[in-house]
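Written below as C-alpha cells is the structure these notes are about.
The values are calculated or read from the model by the stated rules, or taken from the named source; none is laboratory data. Nothing here was measured: the structure is a model prediction, and the numbers come from that model. With ideal geometry, Cβ positions are generated from the backbone for all residues, glycine too; neighbour counts draw on all protein chains shown.
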Amino acid sequence: MELKTALYGIVAVSVLIFLILLIVYQWMSRRSARDGPGRASRDDRELLPPQRRRSARLMHRLLHQSYADSMKIPLLRRYVSEIRRRMAGIYSYDETTVRSETMKIVWMTFAIAFIAALLLVIWHRDILSVIVVLLVVLMLHNTIVDTFVSRVENRLLRQLSHMISDVRHHYHAHGMVEEAIYEASETASYEAAEHGKKVYEMLTSNNPEESLDRYYEVAPNRFLKGFAGISHFIREFGDKMRPNGSMYLHALTKLNAEIKLEAMRRDKLNYLLKSLTLVAVAPVLFTKPIESWARNNFPAMGQFYDSKFGFIVACSVYFVILASYLLLRKIQETDEGKYAAKTRKGAWEKKWYGIAIVRLLVERVAPPPRHRLYYKTSALLKDANIPLPVEWFYLRRILLCVLFVMGSLSASVYLHALGTNNVLYGPTRSAAMFGTADETEMRKAYERTEFDRQLILRLGKEGAYGREQIAAALRNMPQLFRNQTEMGEAAKRIATKIEMLNAEYLKWWEVMIAVSFGCAAYYAPVWVAMFQKRMRSMEMKNEVDQFHTVIAMLCEFDRISVENILEWMERFASIFKEPLQNCLLHYEAGADRALEELKMHAPFVPFVRTVEKLQLAADKIPVKQAFDDLESEQAFYYEERKQEYERMIDAKAAWGKMIGFTPLYTLVFMYLVIPLVYMSMNQMNVYYEQIQKIN
C-alpha cells in the first residue's frame with residue numbers, strides 16, 4: 001500500500017511539473033512567436049514592464065545556458081543538433097532565436113516523454129511491456145517534435161503571405177522593389193521580417209547574384225526562394241506594364257495565391273490527421289487495464305493472458321500499433337523535403353555490401369542487371385523516391401528476413417520456456433474451483449503446484465515418467481490423500497503436466513511459421529515502397545501544377561530562357577528535384593538530349609507534357625508561345641488544383657482514419673472479445689463435465 005501511495009505521489013508531482021512547463025512554454029510562445037502580421041521585432045522587449053522584462057531575460061539566460069550545457073553531452077548534443085537543424089532554416093540569421101526555440105522544443109518533448117514513460121511504466125511492469133513503453137515514448141516524442149516544428153513552419157507561411165501583401169502596397173506607393181521590401185519587413189512579424197531584411201540586403205549588396213545564391217542555400221521553403229528570385233529579376237531588368245498590370249505585382253499575386261493554397265492544405269491535413277497518431281498509440285495504455293478488468297471479472301481469463309497464446313496476442317497488438325504509427329507518419333508528412341531523395345553519409349548498406357560473403361549472397365538473390373525484374377525494382381525505387389541501388393535494396397530485404405526468422409525462432413523458444421514455467425509454477429486449480437478464488441483456495445492451489453513440481457523433478461531424475469511410476473510414487477505417500485479417488489485425480493493431473501512438459505520443444509511447424517514471417521519480412525520493403533509510391537503520386541500532380549504557376553510568372557519576362565525556367569523549377573521542386581538537377585548538369589552538352597533524359601528519369605505524364613513544351617521552346621518557338629495556354633486557362637487550372645487538393649486530402653484522411661483506428665479494433669477484438677469467447681466456451685465445457693459427474 002505504501003508503494004502504491006508513493007507511485008501516486010510521483011505521478012502527481014510529474015503532472016504538476018508538466019503543467020508548470022506547459023504554462024511557461026505558452027507564456028514564452030505568446031511573447032516570442034505571435035502570428036499577427038503587425039508584430040514588431042525583439043527590440044520591443046525593452047518596452048515591457050520591468051518585472052516581465054526581468055523574467056524574460058532570466059528565461060532567455062536559462063535557455064541559452066541549457067543549450068550550452070547540452071552541447072557538452074555526446075548523446076544529448078546529437079539530439080539537440082538534430083532539432084536545431086530543423087529550426088535553423090526558419091531562423092537562418094538569428095543564432096539567439098535558433099537556440100531559444102530549439103531548447104523550448106527540447107524541454108517540452110522531454111517533459112511530455114518523461115511523464116508518458118512514468119505513467120506507462122507504472123501500469124506495465126513486465127519486460128515486454130517496458131520495451132514497448134520505450135518504443136511508444138519514442139513514437140510520441142517524434143510526433144511532438146514534428147508538431148512543434150510544423151507549427152513554426154505554418155506560422156512562417158502565414159506571416160510571409162501578410163508580408164507579400166504589404167510589399168504590394170508599398171510598391172504601389174513608390175515603385176521601388178527594395179524599398180517596398182524594406183518597409184514591409186519593418187512591420188512584418190518576426191520570422192518573416194528577418195527573411196525580408198535579408199532579401200533587402202541581397203538586393204542592395206555589391207554582388208546581388210552571389211548573395212542570391214547564398215540565400216537560396218538557407219531559405220526554408222520554395223516560396224521565399226521564389227520571392228527573392230522574382231524581386232532580383234525585377235530590380236535587375238526592370239518592371240513592365242502588361243495588359244493585366246505590373247509584371248512584379250502580377251507575379252506576387254500568383255506567389256501569394258500559392259502560399260495561401262499551401263497553408264490551407266497544411267491546415268486542413270493537420271486538422272483531419274493531427275489526432276490519429278495518438279489514437280493509434282493509445283491502445284498501449286489500455287492493454288493492462290483491460291487485462292486487469294478481465295482477470296478480476298472473469299478469473300479464467302488470467303490463464304489465457306499467462307499462456308503462450310496470450311503472449312502471441314499481446315505481441316500482435318503491439319506490432320499492429322507500431323505498423324499503424326509508421327504508416328500514419330508517411331501519410332501525415334506535409335513538408336516539402338519529405339518526398340525528396342536524401343543522400344546519406346556513411347550508409348551502412350555500403351559497408352555491409354563491401355563484405356565479400358554478403359556481396360556474394362546478394363548477387364545470388366538479386367536479379368542480374370539486365371533482367372526484367374531488375375528494371376522493375378529499379379523503377380519502383382525511383383517512383384517511391386528511395387535513393388538506393390537495387391543491390392542495397394535486396395541487402396535490406398535479406399537482413400530483414402534473417403532478423404524476423406531469428407526473432408520468430410527466439411520467440412518460439414521463449415514461449416516454450418513460458419509454457420514450462422506455467423506448468424511448474426502456475427497455480428493448480430481444482431476442478432471444483434469456479435469464479436474468483438479466495439486467498440485460501442489460491443494457497444491450496446500453490447501447494448498443489450509445489451507438490452506436483454517436486455514429484456515431477458524427482459521422477460525426472462530417476463528417468464521414470466510413466467503412469468505406473470507416478471501411481472507408485474503416490475502410493476508411498478498415502479497420508480497426503482483422503483481416499484483413492486483423490487490419489488487417482490492427483491496421478492492424472494501430474495501425468496497431464498508431464499505430457500505438457502514433454503510437448504514443450506521446438507516443432508517443425510514453428511520453424512515453418514518463422515520461415516513464413518521471414519518471407520513476409522522479405523517482401524515488406526516492397527510493400528512499403530508501393531505504399532510510398534501511392535502516397536507520393538498524390539503529391540506529383542500538385543508539384544507539376546506549382547511548376548505551371550512558376551512558368552506562367554516567368555513567361556512574362558522577355559529575357560527568360562529554357563535553362564532559366566529549369567533552374568527555377570529545380571528551386572521549387574522536391575519530388576522532381578534530382579531529375580531536374582541532372583538535367584541542368586547536362587544541359588550545356590545538349591538541350592534536347594538533357595530534356596529527353598529528364599522525361600526518361602521522371603515518367604510522370606503531366607510532367608512529361610511540361611518538358612515537351614520546354615523542348616519546343618528550346619528549338620522552335622518562344623517560351624511565351626509554348627506556354628500560351630497557361631495564362632488563358634489560369635482560373636481553370638487554379639480551380640482544378642483546388643479540387644485536386646480536396647481529393648488528395650480526402651484520400652489521405654480516409655487512409656489515415658482506417659489505419660489510425662486499426663489498433664483500437666485489434667485491441668478490442670483480439671485482446672478482449674475473442675479471448676473472452678474462447679475462455680467462456682472452455683468454462684462451459686468444464687461446467688458440463690462437472691454436471692455430468694454430479695448426475
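For the structure I just gave you, tell me whether GLN643 is among the polar types (S, T, N, Q), in a helix (DSSP H, G or I) and in contact with a helix residue (DSSP H, G or I) (Cβ under 9 Å, 6 or more places away or on another chain).
Values: among the polar types (S, T, N, Q): yes; in a helix (DSSP H, G or I): yes; in contact with a helix residue (DSSP H, G or I) (Cβ under 9 Å, 6 or more places away or on another chain): no.
No, not satisfied.
When only residues in region 372-391 that are closer than 15 Å to TRP348 by Cβ and over 23 Å from the mean Cα position of the chain (by Cα) count, which is surrounded by the fewest Cβ atoms within 10 Å (Cβ to Cβ)?
PRO389
Taking into account only those residues within region 507-518 that are in a helix (DSSP H, G or I) and loosely packed, with under 13 Cβ neighbours inside 10 Å, which is farthest from the chain's Cα centre (by Cα)?
Keep residues of region 507-518 that are in a helix (DSSP H, G or I), which gives 508-518.
If we keep only those that are loosely packed, with under 13 Cβ neighbours inside 10 Å as well, we get 508-509, 512.
Numbers: TRP508: 37, TRP509: 35, MET512: 32 Å.
Here the answer is TRP508.
Going residue by residue through region 488-506, is there one that turns out to be at pLDDT below 85, under 47 Å from the mean Cα position of the chain (by Cα) and within 30 Å of ALA251 (Cα to Cα)?
No.
Anything in region 430-474 that is surrounded by 15 or more Cβ atoms within 10 Å (Cβ to Cβ), among the aromatic types (Phe, Trp, Tyr) and at pLDDT below 80? List them, or say none.
Residue satisfying the conditions is TYR465 alone.
Among the residues of region 269-286, what is the count of those that are surrounded by 16 or more Cβ atoms within 10 Å (Cβ to Cβ) and not aliphatic (A, V, I, L, M)?
Counting residues in region 269-286 that are surrounded by 16 or more Cβ atoms within 10 Å (Cβ to Cβ) and not aliphatic (A, V, I, L, M) gives 4.
Yes/no per residue for (1) in contact (Cβ under 8 Å) with a residue 40 or more places away in the chain; (2) polar (S, T, N, Q):
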position	(1), (2)
ALA491	no, no
THR496	no, yes
MET500	yes, no
LYS507	no, no
MET512	no, no
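Can you report the number of residues in region 670-694 which are surrounded by 13 or more Cβ atoms within 10 Å (Cβ to Cβ) and at pLDDT 80 or above?
Selection size over region 670-694: 6.
Return yes when GLU597 is surrounded by fewer than 20 Cβ atoms within 10 Å (Cβ to Cβ), in a helix (DSSP H, G or I) and not hydroxyl-bearing (Ser, Thr, Tyr) and no when it is not. Reasoning before the result, please.
Numbers: surrounded by fewer than 20 Cβ atoms within 10 Å (Cβ to Cβ): yes; in a helix (DSSP H, G or I): yes; not hydroxyl-bearing (Ser, Thr, Tyr): yes.
So GLU597 fits the description; yes.
Can you name every residue in region 152-209 that is in a loop (DSSP other than H, G, I, E, B) and closer than 30 Å to ILE105 by Cβ? Walk me through how you get there before you give the answer.
First pass over region 152-209, keeping only residues in a loop (DSSP other than H, G, I, E, B): 175-176, 188-189, 204-207.
Matches in region 152-209: ALA188, SER189.
Take the conditions of a type in the set (Asp, Glu) and either buried (at least 18 other Cβ atoms within 10 Å of the Cβ) or modelled with pLDDT under 70 (or both) and apply them to GLU101. Does it pass? Don't jump to the end; show me each part of the working.
Details: of a type in the set (Asp, Glu): yes; either buried (at least 18 other Cβ atoms within 10 Å of the Cβ) or modelled with pLDDT under 70 (or both): yes.
When the stated conditions are applied, GLU101 passes them.
Being in a helix (DSSP H, G or I), among the hydroxyl-bearing types (Ser, Thr, Tyr), at pLDDT 80 or above and in contact with a Phe, Trp or Tyr (Cβ under 9 Å, 6 or more places away or on another chain) narrows it down to one of TYR305, TYR325, so name that one. Spell out the reasoning first.
On the way: TYR325 fails: in contact with a Phe, Trp or Tyr (Cβ under 9 Å, 6 or more places away or on another chain).
One residue alone meets the criteria, TYR305.
Look at ILE649 and say whether it is modelled with pLDDT under 85 and closer than 30 Å to ALA300 by Cα. If you could, list the steps in order and put the result at the bottom.
Numbers: modelled with pLDDT under 85: yes; closer than 30 Å to ALA300 by Cα: no.
Answer is no for this residue.
I'm trying to understand the selection: among the residues of region 318-328, which are buried (at least 18 other Cβ atoms within 10 Å of the Cβ) and within 14 Å of PHE661 (Cβ to Cβ)?
Residues satisfying the conditions are VAL320, ILE321, SER324, TYR325, LEU327, LEU328.
Which of the residues belonging to region 362-397 are within 17 Å of VAL528 (Cα to Cα) and small (Gly, Ala, Ser)?
SER378, ALA379, ALA384
Filter region 520-565 down to the residues that are among the polar types (S, T, N, Q) and within 21 Å of ALA257 (Cβ to Cβ) and list them by number. Talk me through it step by step, then tell me what you get.
Here is the first cut: in region 520-565, the ones among the polar types (S, T, N, Q) are 532, 537, 542, 546, 549, 561, 564.
Within region 520-565, ASN542, GLN546, THR549 meet the criteria.
So ARG534 clears everything in (1) surrounded by fewer than 17 Cβ atoms within 10 Å (Cβ to Cβ); (2) part of a loop (DSSP other than H, G, I, E, B); (3) modelled with pLDDT of 75 or more; (4) among the charged types (D, E, K, R) except one condition, right? Which one?
(2)
Given (1) surrounded by fewer than 20 Cβ atoms within 10 Å (Cβ to Cβ); (2) at pLDDT 80 or above; (3) not polar (S, T, N, Q), identify the lone condition not met by ALA618.
Checking ALA618 against (1) surrounded by fewer than 20 Cβ atoms within 10 Å (Cβ to Cβ); (2) at pLDDT 80 or above; (3) not polar (S, T, N, Q), the one that fails is (1).
Between a residue in region 265-281 that is within 15 Å of LEU327 (Cβ to Cβ) and assigned to a helix (DSSP H, G or I) and any residue that is at pLDDT 85 or above and of a type in the set (S, T, N, Q), which pairs come within a Cβ distance under 7 Å, given they are 6 or more apart or on different chains?
Correct list of pairs: ALA280/SER324.
Tell me which residues, restricted to region 560-594, are assigned to a loop (DSSP other than H, G, I, E, B), closer than 21 Å to LYS533 by Cα and aromatic (Phe, Trp, Tyr). Steps first, answer last, please.
Here is the first cut: in region 560-594, the residues assigned to a loop (DSSP other than H, G, I, E, B) are 560-561, 573-576, 586-590.
Of the ones still in play, those that are also closer than 21 Å to LYS533 by Cα are 573-576.
Answer for region 560-594, where residues must be assigned to a loop (DSSP other than H, G, I, E, B), closer than 21 Å to LYS533 by Cα and aromatic (Phe, Trp, Tyr): just PHE576.
Within region 329-369, restricting attention to residues that are hydroxyl-bearing (Ser, Thr, Tyr) and either over 30 Å from ASP267 (Cα atoms) or surrounded by fewer than 13 Cβ atoms within 10 Å (Cβ to Cβ) (or both), which residue is modelled with the lowest pLDDT?
Ranking the qualifying residues of region 329-369, first place goes to THR343.
Output the residues belonging to region 400-418 that are closer than 29 Å to MET535 by Cβ, surrounded by fewer than 17 Cβ atoms within 10 Å (Cβ to Cβ) and not small (Gly, Ala, Ser).
If the condition is that a residue be closer than 29 Å to MET535 by Cβ, surrounded by fewer than 17 Cβ atoms within 10 Å (Cβ to Cβ) and not small (Gly, Ala, Ser), then VAL402, LEU403 are the ones that fit.
Pull out all pairs, ordered by first then second residue, where Cβ-Cβ is under 7 Å, the residues are six or more apart or on different chains, the first lies in region 394-422 and is within 16 Å of GLU504 (Cα to Cα), and the second is outside any helix (DSSP H, G or I) and among the polar types (S, T, N, Q).
ASN422/SER307
Are any residues in region 509-533 polar (S, T, N, Q) and touching a Ser or Thr at 6+ places or on another chain (Cβ under 9 Å), and if so, which ones?
SER516
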